[in-house]
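*Asks:* My questions will all concern the structure given below.
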Amino acid sequence: MNTEVILLRLGELTLKGKNRSRFENQILQQIRRVLAPFPRTVIVRESGRIAVELNGEPYEPVVKALEKVFGLTSFSPALKVPSDLKSIQEAALAVLRGREKPPSTFKISVRRVDKKFPHPTLEMNHLVGAYVLKRVGGLKVDVHRPELEISIEIREKGTYVFADTIPGPGGFPLGSNGKAMLMLSGGIDSPVAGWLAMKRGLKIEAVHFHSYPFTSERAKQKVIELAEVLADYAGKMTLHLVPFTDIQTRLKQSCRESLLITLMRRAMLRITEAIALKRDALAIVTGESLGQVASQTLASMNVINRAATLPVLRPLITMDKSEIIRYAEKIDTFRISIQPYEDCCTLFVPKSPATNPFLPAVERMEARMDWLEPSIREAVERTETIVLPDARPKDEQMFF
């Protein structure tokens, strides 16, 4: 009996040697999570390959779900048939006849994983190709540039026959490379940075700074919606909402205007690090891109970085804005980020922010602010933490 399946290819995790089984188990957890709405699917695990048997579940929605599993490099819709010559020949013919536009040239590529299979690889290429040629008029073999390449994987538990390869998200399984805190604003950049961090195997929690009443409740809800999009990839997203009004207003009153952004970012970094240490995170992720704004010059980032001891990861550091926007559109955060609700980073922006701040001067200024460290501790203590998606009905959710 032929079974419709989706072949899943694992990417960089295959390079991990002795850790490979751990990585595969982590990716299997994510696959099971996204396939939970499709109860008839069955996950089949063989050496170097994972396949999802559809058993009547719709192909397109299943692929859509699998596209949110990091560590999968590509998918192929396939037929799974018994490992005998006749079944394989018939499946190859069915794959070719299933094309919307019949090809004029084709090629058979056999991979014989099961070495006990009686026909060698080159012989199988000929036997299957000849079978197809006899039954399809006007078709020719082209081994160099065929319009259609039919791939055949012969395994002990069955043979997979397929012709299409769909790119997956790639990267590493979620959480396989540790945990980090994402500084999540309401802008375009930081959600993309969070997505790219997750793609590299980081489990992330988000930290957002709000300055009510200078920022609106709707601005906070916008950030929650961005975190919900990231939760689609992670299964859930923990979001820490930090009250920043007191620190922001006192900084404005206490420091040179040109250094306000520098001091604000240093305070944010200290708060994020304090939360990270509480949550056993080993790094901080930001959406900064080199030279994009005053606080993102190399000199500014150097001074800001000195406020924390944890490594600060910047996935977007060399990207142009147009590249970042393409990613934002791809992961569906762009439409949310462009909503006209300002966050605290876009308020209190000085007319001429320092692009080359002097670290000793900044540190001397902070040393005179005897209120700063107590205020940072208070902000950490007053941080509100929510987990998304919230399973409660919308009318019972109390975000603010």
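Nothing in this text is a laboratory measurement; each read-out follows from the coordinates by a stated rule. Not measured: the values here are computed from a predicted model. Cβ coordinates were reconstructed from backbone atoms using ideal geometry, including for glycine residues, and neighbour counts include every protein chain displayed.
*Asks:* Hey, what do the phi angles of region 317-328 turn into as Karplus ³J(HN,Hα) couplings, whole Hz, using 6.51/-1.76/1.60 and θ = phi - 60°, x for Gly and Pro?
*Replies:* Here the 3J(HN,Hα) series is 3, 9, 8, 6, 4, 5, 5, 5, 5, 4, 5, 4 Hz.
*Asks:* As a test of the definition: which semi-axes, in Å, follow for the chain when you take the square root of five times each eigenvalue of its alpha carbon gyration tensor? Largest first, please.
*Replies:* Semi-axis lengths for the chain are 53, 20, 18 Å.
*Asks:* Treating each Cα of region 172-299 as an identical point scatterer and ignoring solvent, apply the Debye formula and state log10 I(q)/I(0) at q = 0.15, 0.19 Å⁻¹.
*Replies:* With one equal scatterer per Cα and no solvent, log10 I(q)/I(0) is -0.72, -1.13.
*Asks:* Related question: Report, in degrees rounded to the nearest 10, the 0 to 90 angle that the Cα long axis of helix 217-234 makes with the longest principal axis of the chain.
*Replies:* 30
*Asks:* State the extension gain, in nm to one decimal, for the chain segment bounded by Tyr59 and Ala361, taking 0.36 nm per residue of separation less the distance between their alpha-carbons.
*Replies:* 102.6 nm
*Asks:* In addition: Counting DSSP beta bridges in region 152-290, what percent are antiparallel, to the nearest 5?
*Replies:* The antiparallel proportion sits near 25 percent.
*Asks:* What angle, in degrees between 0 and 90 and rounded to the nearest 10, separates the Cα long axis of helix 260-278 from the longest principal axis of the Cα atoms of the chain?
*Replies:* Tilt of helix 260-278: around 60 degrees.
*Asks:* Suppose a student asked you for the relative contact order of the chain, using Cα pairs under 8 Å spaced at least 6 residues apart; what percent would you report?
*Replies:* Normalised by residue count, the contact order of the chain is 16 percent.
*Asks:* For region 204-215, what does the Karplus curve 6.51 cos²θ - 1.76 cosθ + 1.60, with θ = phi - 60°, yield as ³J(HN,Hα) per residue in whole Hz, taken in order and with x for Gly and Pro?
*Replies:* Result, ordered by residue: 10, 10, 9, 10, 10, 9, 10, 10, 5, x, 5, 10 Hz.
*Asks:* Straight distance only, please: which aspartates and glutamates reach the Cα of Lys157 with their own Cα at less than 16 Å, same-chain residues fewer than 8 apart left out?
*Replies:* Those aspartates and glutamates meeting the cut-off are Glu4, Glu46, Glu53, Asp84, Asp114.
*Asks:* If you filter region 133-233 for chymotrypsin sites (Phe, Trp or Tyr not before Pro), then keep DSSP loop positions with at most 16 other Cβ within 10 Å, what is left?
*Replies:* Passing sites in region 133-233 are Phe214.
*Asks:* A further question follows. Can you give the charge dipole size of the chain about its Cα centre, rounded to the nearest 20 debye, using +1 on the beta carbon of Lys and Arg and -1 on the beta carbon of Asp and Glu?
*Replies:* About 1040 debye.
*Asks:* Now, a different point. Sketch the reach of a paramagnetic label on Lys134 as a point 7 Å from Cα along Cα-to-Cβ, and name the residues of region 88-110 whose backbone nitrogen lies under 18 Å away.
*Replies:* Zone members listed by number: 88-97, 108.
*Asks:* In debye, nearest 20, what is the charge dipole magnitude of region 179-396 about its Cα centre with +1 on Lys and Arg Cβ and -1 on Asp and Glu Cβ, if you could check?
*Replies:* 440
*Asks:* Could you list, in their original order, any pairs among Lys252/Lys321; Lys80/Lys115; Lys199/Lys321; Lys68/Lys278 whose Cα atoms are separated by more than 22 Å?
*Replies:* Violating the 22 Å limit, Cα to Cα: Lys252/Lys321; Lys68/Lys278.
*Asks:* By how many degrees, between 0 and 90 and to the nearest 10, does the Cα long axis of helix 121-135 differ from the longest principal axis of the chain?
*Replies:* 70
*Asks:* With point charges of +1 on the Cβ of Lys and Arg and -1 on the Cβ of Asp and Glu, referenced to the Cα centre of the chain, which listed residue (Tyr233, His210, Gly178) lies farthest in the positive direction of the dipole?
*Replies:* Of Tyr233, His210, Gly178, it is Gly178.
*Asks:* On to the next question. When the distances between all Cα atoms of region 179-396 are binned every 10 Å from zero, what whole-number percent does each bin get?
*Replies:* 8, 35, 40, 15, 2, 0
*Asks:* In debye, nearest 20: dipole of region 40-191 around its Cα centre with unit charges on the Cβ of K, R (+) and D, E (-)?
*Replies:* The calculation lands at about 340 debye.
*Asks:* Mind giving me the nanometre distance, one decimal, between the label points for His144 and Leu298, set 7 Å out from Cα along Cα→Cβ?
*Replies:* With each label point 7 Å from Cα toward Cβ, the separation is 4.8 nm.
*Asks:* Shifting gears a bit: Send over the Kirkwood Rh of region 3-167, from the inverse of the averaged 1/r over different Cα pairs, rounded to one decimal Å.
*Replies:* About 16.8 Å, per the Kirkwood formula over Cα pairs.
*Asks:* Could I ask something else about it? Compute the projected area of the convex hull of the Cα atoms of region 125-217, averaged over all viewing directions, and report it in nm² to one decimal place.
*Replies:* Projected over every direction and averaged, the Cα hull of region 125-217 covers 12.1 nm².
*Asks:* Taking R0 as 35 Å, what FRET efficiency do you get between Ile338 and Thr249 from their Cβ-Cβ distance, rounded to the nearest 0.05?
*Replies:* Computed FRET efficiency for Ile338 and Thr249: 0.80.
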